Amino acid sequence: MKKVTNILCIVQPDENSEAAIIQALRLAEEHQAKLTFTSVIENANNLSGFFKSNAELELAKKKIFEQRESEVKKWISQFQPNETYDFSVCQGIGFIEVVKSVIKNGYDLLIKCADDAEWLSRLFGSEDMHLLRKCPCPVLMLNPKQKNVFKNILATVDVNHDLNQKENEVQDQLNLKVLDFGCLFSIPDLSSLNVGSVWEAVGESFMRNSVFSEAPSKEVDIYVNEIKYQCSKRLESLVDKTTAIVGEDVMQYLDPKLHLVKGYPAKEIPKLVKMQSIDLLVMGTVARTGVPGFIIGNTAESILEQVCCSVLAIKPEGFESPIQ
């Protein structure tokens, strides 16, 4: 089982970061991980027009950084007054500076509260999506209301093998990574672990409904049932492989509930999230490709636009961020 050893938490001096602080402190304690807090000031260089010299500008920026650090540390101390953690303030474009820090310092988990702006029709804002697309380590993007432990976790995997061999290998590795992290986040808090996958029989609608199709109904049924059977066996195989990774005792303890649903992932996964009252969705954001740095897939984008729960987004092994 993978371990979380080095956590970076993004904190801005407002209530929207409260859940991130609470979850970061909790996860760091549960996993005995190193925890660093960071805060980004994006417009510090805009002060250049107010000062006559670079020395005055740098002094003003230093005071702004010290003030931000003091504000955030004071806020963190409300939740954990007797502990000290590493802290950094940086300037620049938020997601770029954060990703650079992840790469430079080898963080293996990034925690942030979703923007949750009232004017957005979805939970995740522009900054969130940039991090979900480009951050190489797992990203825990929190619903700002998620201040308690995760009660119901859904790990989603893709068992449709309509790809070439290389892409299937990447997908299988990503599936196992998603399940591994699903187990990792379920164990400490006795969370209910669900494993979900959506399957489809490509061409079924054409064969059944098109005037150009002459396929007998029984043959279509046989084809569809065979696809369902293959996907079911792949899902069971993934659980078996995960059991070999995390241990049989752990898997028996978690006793995950399997959900194999027919349809389209962009539609069925959000429905499953609602039906099972999921508060943490673990999902792969890059799939069906072996290309380093390939951006988030359309299906993942569509799912993220519909769900309101917290999300743990996982990249495949070998992913290379476009930000270096």
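The values are calculated or read from the model by the stated rules, or taken from the named source; none is laboratory data. These numbers come from a predicted model, not from an experiment. For neighbour counting, all protein chains shown are included, and Cβ atoms are generated from backbone atoms with ideal geometry for every residue, glycine included. Quick note on the areas: whole protein, heavy atoms, side chains included, nothing else; ligands and nucleic acids left out. Shrake-Rupley method; radii C 1.70, N 1.55, O 1.52, S 1.80 Å.
Values computed for the structure shown
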quantity	calculated
Meets criteria (open to solvent by 20 Å² or more (accessible area, probe 1.4 Å) and modelled with pLDDT of 95 or more) for Tyr107	yes
Per-region count, region 53-99, residues open to solvent by less than 90 Å² (accessible area, probe 1.4 Å) and of a type in the set (Lys, Arg)	2
Odd one out for Lys241 among (1) under 23 Å from the mean Cα position of the chain (by Cα); (2) in contact (Cβ under 8 Å) with a residue 12 or more places away in the chain; (3) within 23 Å of Asp189 (Cβ to Cβ); (4) assigned to a helix (DSSP H, G or I)	(3)
Conditions (1) without any contact (Cβ under 8 Å) to a residue 12 or more places away in the chain; (2) not in a loop (DSSP other than H, G, I, E, B); number of the one not met by Val250	(1)
Search result, residues across region 8-17 that are part of a helix (DSSP H, G or I) and touching a strand residue (DSSP E or B) at 6+ places or on another chain (Cβ under 9 Å)	Asn16, Ser17
Qualifying residue in region 203-219 (condition: in contact (Cβ under 8 Å) with a residue 40 or more places away in the chain and not hydroxyl-bearing (Ser, Thr, Tyr))	no
Selection count, region 304-323, where residues are closer than 18 Å to Lys274 by Cα and charged (D, E, K, R)	1
Unmet requirement for Val195, which otherwise passes all of (1) open to solvent by 20 Å² or more (accessible area, probe 1.4 Å); (2) under 19 Å from Thr299 (Cα atoms)	(1)
Extreme residue, nearest to Val98 (Cα to Cα), among residues of region 128-150 that are in contact with a Ser or Thr (Cβ under 6 Å, 6 or more places away or on another chain) and part of a loop (DSSP other than H, G, I, E, B)	Pro136
Among the residues listed as Ser205, Ser277, Ser232, the single one being out of contact with any His (no Cβ under 6 Å at 6 or more places or on another chain), of a type in the set (Ser, Thr, Tyr) and surrounded by 13 or more Cβ atoms within 10 Å (Cβ to Cβ)	Ser232
Residue selected from region 18-66 under the condition at pLDDT 70 or above and assigned to a loop (DSSP other than H, G, I, E, B), by the criterion nearest to the chain's Cα centre (by Cα)	Ala33
Some residue of region 274-290 being at pLDDT 95 or above and in a helix (DSSP H, G or I)	yes
Index of the failed condition, Leu184 passing every other in (1) of a type outside the set (Asp, Glu); (2) under 26 Å from Ile227 (Cβ atoms); (3) part of a helix (DSSP H, G or I)	(2)
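Residue by residue, here is whether (1) of a type outside the set (Asp, Glu); (2) open to solvent by less than 10 Å² (accessible area, probe 1.4 Å) holds:
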residue	(1), (2)
Gln146	yes, no
Asp158	no, no
Val170	yes, no
Leu174	yes, yes
Ser186	yes, yes
